[in-house]
Every structure is written in structure tokens, then in C-alpha cells.
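The values are calculated or read from the model by the stated rules, or taken from the named source; none is laboratory data. Please read these numbers as outputs of a predicted model, since none were measured by experiment. We place every Cβ from the backbone using ideal geometry, glycine too, and count neighbours over all the protein chains shown.
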Amino acid sequence: MKLEKSAIEVAIKNKIIEISESLGSDASDLQTDDIIPATGLIDSAGLLDLIAWFEASYDFKIPMSELTIDNLGTISAMAEYLLRSKNLM
Amino acid sequence: MALSIHVPRINNNDDEVKVVGIDVKIGAHVKAGQIIAQFETDKAVMDLESSNEGYVLAINGEIDDIVKVGDIFIWLGASLDEAIPQQASGDAVDSTQTNAPTAKARLLLKEYNLNAHEIPQTGTRLSVADIQNYITATGRKPIAVNSTTVNYQEPLPTVTGELKTLKSEERGMLSTVLWHRDVAVPGYIEISYDVSPWEDYAKTFGEKHNLLLSPLLPLMAWRLVELSIEMPHINATISGSQRYEYQQTNLGFTVQAGQTLYLTVVQQANSLDPLQFVNRMVELQRGAAAHTLGAQELQDATICFSSMSRWKVSRHIPILPPHTSIMIAHTVGPDGLGVLGATYDHRVLNGGDVVTVLRKLSKPNPSN
């Protein structure tokens, strides 16, 4: 996968759409700055699926202490967190 | 001296098998471990390997023959001129000369703790009918099951199928279900509750600690840990005729990860504070999602919590894991009404105990 913010955001959104569909929700209108947990589109277990996919897809590990709303609460924050973790930002 | 190789047993229900392949001829030299024949039942096919090195002296069957399990199928000798024992030359040794019980009969003997020699035998082998007649005549009862060992002998269905080995988590589930069925005396009680106080409390807690994931279910599970300290008899099981109260609380929490249902366990949960407990549960859920949990993270639960609110079911009745007395069953139905149920071991707890636990669990701890 490309390590460019816009490409990362597209990949994350596609994964959220996939997870939300499995829960009977439609996340196609989700914006990059929407607070994901607050939308109710995916629950905690779905967020964990998203995190597991995020780590596996970009080959990095998120420490428990950094599993916060500030770091991972929005699509945009997730992409920026990844780039920071890879020292690309 | 010539060595005999016998017709193998493929499963417990078939005392006869069909010869579907013979890979050697009389006079051939075979090595130990070499496949020499194949046998089939309507459930499976099995290779027969040579147990020793030697020359094939005799083959007691042909392809498509139906042969009896345990009969001699092949004789091996150290040389081609070695003699086959007199009684066995030609056809296979007649197994009917023995009174060995049939496979089904052996299972029945075990179930009733009987000795084959004490039962009159009407045919050439001790049969199920012989044993059933004896049981009827003597009024014998099956022995009580008091083990949690997985030793499951369900007769195979008559419809053609294939046996598959269970994965470790599937064996764990089988063990749990059998303990629930054979040892515990399960009951189930549920109450409805207002979800607002818990949701408000979890929201405040999550914002205070900047948590990404909702701490609602972990906090409810934490409340159960608190109750296990306040009411030690709910964190217990039965041993013999005594209650065994655990000195620590190992909180079991079900996590569905893909097709796998885990019972993750927070060891010594009573030694943690609420935030530590919430974070530990998230760690376990992450481990379950990645299928990287270790054995210590999946065993020795003493008290359990399960939620199916994700699926908005109106009720679910969990199975009790071995040596636990209560598993909470939480859900929020499609109407938004909270439901707290509990499967409990009636040997340890009564309905009043369980209602007390559920009522206390329906609200956050007022002292928090």
C-alpha cells in the first residue's frame, strides 16, 4: 500500500465501510475528520478489527498507551499517526 | 517364527472392513512401515503398514473381501521358507474362537463398569444383546460420570461423511459443554435494566482517560470482579461435598474473533485497578483479533462475563466454563432495553444469590 496520506485514508475508509457493512451500517458518508467511535458505525469489537487490520497492513505495532482518540479517533488522525510512526511526517 | 499383521480397526462402530487395496504379493519383501494394504468402511479408508521387515508368506483376503477387525491379514517371515503356524495357515485365524466383546459391547461394559467374564455369552463373541440381557436381569445402572476429561464417543451418523480433527479451541469448547452437561447443575435467571447510568459512566470514564474504545463492557466486567470480592461465594465451585472459594478472581470474558470464540481470561483481576483492568481486557481482545493469545490468557477462569449486545439479541444463555459458578449474559435488545442474565451452577448458588448479583451489576458502583 502507498504511504501517502490520501492513499492511506482511502484504504482506512474502505476497511471501515467493510466492517460497518458486516454490522448492518453504511459508512460511505464518513468524513476523514469524523470521530469514528462517536459515529456509532462500528462498535469496539469493530474498532479492534480495524486496528488489527491497520497494524497488519502497514506492518507496525501500536502500543497500548497510544491507543487513544487523539491518535486514532479519525481517519485523518490514523493516517497521520502511521506516517509519524514511520518517520515520514 | 512368522509374524502376523492384523486387520486394523478404523472406527469403533465397525467390526468388519472392506479390503480395497493390496500392495504386496506373496513372496514380496517388505520393510517396516511400508504400506501393504488399504481397508475401508463407509466412513473412512485406512492404510495398513507393515510392523516389521520380512517376506510375505500368506495373504488372507482379496480386494473387495469383507474381513473382520483383528483377524490376521498377512503373515511375514524372516525367509520365504518359514512355516506359518498350523492353526493359522490358509484362512485367517477364526476370531470366533475367542469370546472377545465387540467394540460396541466394550463401550457398554465400560458404561456399566462390568467385567466381560461375568456375563453369559450366547454367541461366538460377547455382544451388546448379551450385556443388555444381563443388565435387565440384574438391574444394573450406569456408573456416574465424574470426570471432565473429553472422552466423547458419539455413534457415527449413518449418512456418509468425514471425520475432522477439532482445533484446540474447538476441543476446549467441547470440554466446556461436557462439564456444563455432566457436572454442573445449571440454572438461568435474567433481569432487564436501564442502560443509561452505565452508558453515562462509561462515557465519562472514556473521556477522562482519552480511550479510543468504549470501556462500557470492561467496566461492567470490572463490577463483577468487585462483586466477587464482596460476595466470595460467587467466585467458587464445588469439590466433593464442599464449596471451593477461589482466593483470586480470574475474569473470563468471551471474545468472538472471526469464526473463533475465545474465553479470554484476566488473571488476578482483583489485583488491578479499573483502568488497568480495562486496558488488560483491550490487550486480550487485540490478542484474540490477531489470534496470538497464549495459554495463560485462555485458562483458569473463575467467574465469567459474556455480551452479545453487538448482535442485538434479546437473550442468550451461556454455557458455564469448567469450575465456575456463574457467567453473566449481557445484551441490549433491538428495543434498546438492557438485559442482564446469568447461567449459574445451582450446586453453588441459589436464585436469590444470582438476582442479588444481577441487581448490583445493573448499575455502576455508587462509590465510584
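Within the range B:339-352, track down each residue that is surrounded by fewer than 19 Cβ atoms within 10 Å (Cβ to Cβ) and touching a helix residue (DSSP H, G or I) at 6+ places or on another chain (Cβ under 9 Å).
none
Show me the strands (runs of 3 or more DSSP E) found entirely inside the range B:199-278 where at least 1 residues are crowded, with 17+ Cβ neighbours inside 10 Å and within 13 Å of chain A (Cβ to nearest Cβ).
B:251-257, B:260-266
Mind listing just one residue for me: the one in the range A:77-89 that is farther than 15 Å from A:THR32 by Cβ and of a type in the set (D, E, K, R) and, of those, farthest from the other protein chains (Cβ to nearest Cβ)?
A:LYS86
Return the only residue of B:PHE277, B:PHE253, B:PHE305 being of a type in the set (Phe, Trp, Tyr), in contact (Cβ under 8 Å) with a residue 24 or more places away in the chain and touching a Leu at 6+ places or on another chain (Cβ under 6 Å).
Going through B:PHE277, B:PHE253, B:PHE305 in turn, the sole match is B:PHE305.
Taking only the range B:136-177 into account, find how many residues are at pLDDT 80 or above and touching a Phe, Trp or Tyr at 6+ places or on another chain (Cβ under 7 Å).
1
If you go through the range B:291-302 one residue at a time, do you hit one that is of a type in the set (Gly, Ala, Ser), within 14 Å of chain A (Cβ to nearest Cβ) and more than 23 Å from B:HIS233 (Cα to Cα)?
No.
Of all residues in the range A:74-89, which are surrounded by 20 or more Cβ atoms within 10 Å (Cβ to Cβ) and either of a type in the set (Val, Ile, Thr) or modelled with pLDDT under 95 (or both)?
A:THR74, A:ILE75
Select from the range A:17-52 the residues that are among the charged types (D, E, K, R), farther than 22 Å from A:ALA7 by Cβ and surrounded by fewer than 20 Cβ atoms within 10 Å (Cβ to Cβ) and list them in ascending order.
A:ASP26
Quick one: how many residues across the range B:303-334 are of a type in the set (Ser, Thr, Tyr) and farther than 16 Å from B:VAL354 by Cα?
Residues flagged as of a type in the set (Ser, Thr, Tyr) and farther than 16 Å from B:VAL354 by Cα within the range B:303-334 amount to 4.
Could you figure out which of (1) under 30 Å from B:VAL159 (Cα atoms); (2) β-branched (Val, Ile, Thr); (3) not in a loop (DSSP other than H, G, I, E, B) isn't true of B:VAL56?
The one condition B:VAL56 does not meet is (1).
Which of the residues that make up the range B:9-47 are touching an Asp or Glu at 6+ places or on another chain (Cβ under 9 Å), touching a residue at least 40 places away in the same chain (Cβ under 8 Å) and assigned to a strand (DSSP E or B)?
B:VAL17, B:LYS18, B:VAL19, B:VAL20, B:GLY21, B:ILE22, B:VAL30
What number of residues in the range B:1-27 are in contact with a Phe, Trp or Tyr (Cβ under 8 Å, 6 or more places away or on another chain) and surrounded by 15 or more Cβ atoms within 10 Å (Cβ to Cβ)?
11
Just checking: which of the helices (runs of 4 or more DSSP H) contained wholly in the range A:1-76 hold 2 or more residues that are without any contact (Cβ under 8 Å) to a residue 24 or more places away in the chain and facing chain B (nearest Cβ under 9 Å)?
Fully inside the range A:1-76 and qualifying: A:44-58, A:69-72.
How many residues does the range B:317-358 hold that are on the phi < 0 side of the Ramachandran plot, of a type in the set (Gly, Ala, Ser) and modelled with pLDDT under 95?
Result for the range B:317-358: 1.
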